């Protein structure tokens, strides 16, 4: 009697590839490497993916979901601050995944998926008190400025540049810098409105 052929689902293959990228970044990801990790030939991988690029795209989307999970955890009681803390924590704890999310490997996929991801984060803040009564354009400007701050901090943390700061110090800085951005932009918006009159 012939040995039964092992079946591997798309999900199992993506999860295996995800863990490989999580551990070593893109450099160790290949169809033969995934096949070896699942103790199989390359056939099951190619039955779900045309090529390694398609597999990379699936891993990218899983990593983005993983980042979202970090960002929606309640830590401080302030949803917007929690998004930032989660983003910084992801950059610190998931070195390779953080880099893979912003490496430009598949710009079309990254742009499309980051737009969807951004919309999910916005929906988390629909009732956020600081944004109440502000025109959407101003809310977008405040959120964009704060994202650029957080991305810069996260990149520094991920590369080891901010590694000497404790998480408590990082959160304190983030809280103060967010307030400064919000207050400064709010004052600027007010000045612009007055100049229009």
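The rows are residues; the columns are (1) more than 22 Å from residue 65 (Cα to Cα); (2) at pLDDT below 95.
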{"residue": "3", "(1), (2)": "yes, yes"}
{"residue": "13", "(1), (2)": "no, no"}
{"residue": "17", "(1), (2)": "no, no"}
{"residue": "36", "(1), (2)": "yes, no"}
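No other residue among 116, 164, 168 is outside the structural domain of residue 25 (by TED's automatic domain parsing), under 30 Å from residue 31 (Cβ atoms) and out of contact with any helix residue (DSSP H, G or I) (no Cβ under 7 Å at 6 or more places or on another chain) apart from 116. When each of 111, 122 is tested for being touching a helix residue (DSSP H, G or I) at 6+ places or on another chain (Cβ under 8 Å) and either closer than 14 Å to residue 64 by Cα or in contact (Cβ under 8 Å) with a residue 12 or more places away in the chain (or both), the lone residue that passes is 122. Filtering segment 142-164 to residues that are part of a helix (DSSP H, G or I) and either without any contact (Cβ under 8 Å) to a residue 12 or more places away in the chain or more than 14 Å from residue 180 (Cα to Cα) (or both) leaves 144, 147, 148, 151, 152, 153, 154, 155, 156, 157, 158, 159. Among the criteria (1) at pLDDT below 95; (2) part of a helix (DSSP H, G or I); (3) in the same structural domain as residue 164 (by TED's automatic domain parsing), the one residue 103 does not fulfil is (2). Suppose the filter is in a loop (DSSP other than H, G, I, E, B) and without any contact (Cβ under 8 Å) to a residue 60 or more places away in the chain; does residue 74 pass it? Yes, satisfied. Of the residues making up segment 22-37, one or more are in contact (Cβ under 8 Å) with a residue 40 or more places away in the chain and outside any helix (DSSP H, G or I).
Considered as a group, the residues in segment 120-145 that are modelled with pLDDT of 90 or more and over 16 Å from residue 189 (Cα atoms) include one that is surrounded by the fewest Cβ atoms within 10 Å (Cβ to Cβ), and that residue is 129.
Any chance segment 89-96 includes a residue that's in the same structural domain as residue 144 (by TED's automatic domain parsing), outside any helix (DSSP H, G or I) and loosely packed, with under 14 Cβ neighbours inside 10 Å?
Scanning segment 89-96 turns up no residue that is in the same structural domain as residue 144 (by TED's automatic domain parsing), outside any helix (DSSP H, G or I) and loosely packed, with under 14 Cβ neighbours inside 10 Å.
Of all residues in segment 146-165, those satisfying the criterion of being surrounded by fewer than 15 Cβ atoms within 10 Å (Cβ to Cβ) and closer than 18 Å to residue 95 by Cα are 151, 152, 159, 160, 161, 163, 164. Yes or no: residue 93 over 30 Å from residue 165 (Cα atoms) and either in contact (Cβ under 8 Å) with a residue 24 or more places away in the chain or out of contact with any helix residue (DSSP H, G or I) (no Cβ under 7 Å at 6 or more places or on another chain) (or both)? Taking the combined requirement at face value, the residue does not satisfy it.
The values are calculated or read from the model by the stated rules, or taken from the named source; none is laboratory data. As the structure is a computational prediction, the values presented were derived from the model and not from experiment. Every residue, glycine as well, gets a Cβ built from its backbone with ideal geometry; the counts of neighbours run over all protein chains shown.
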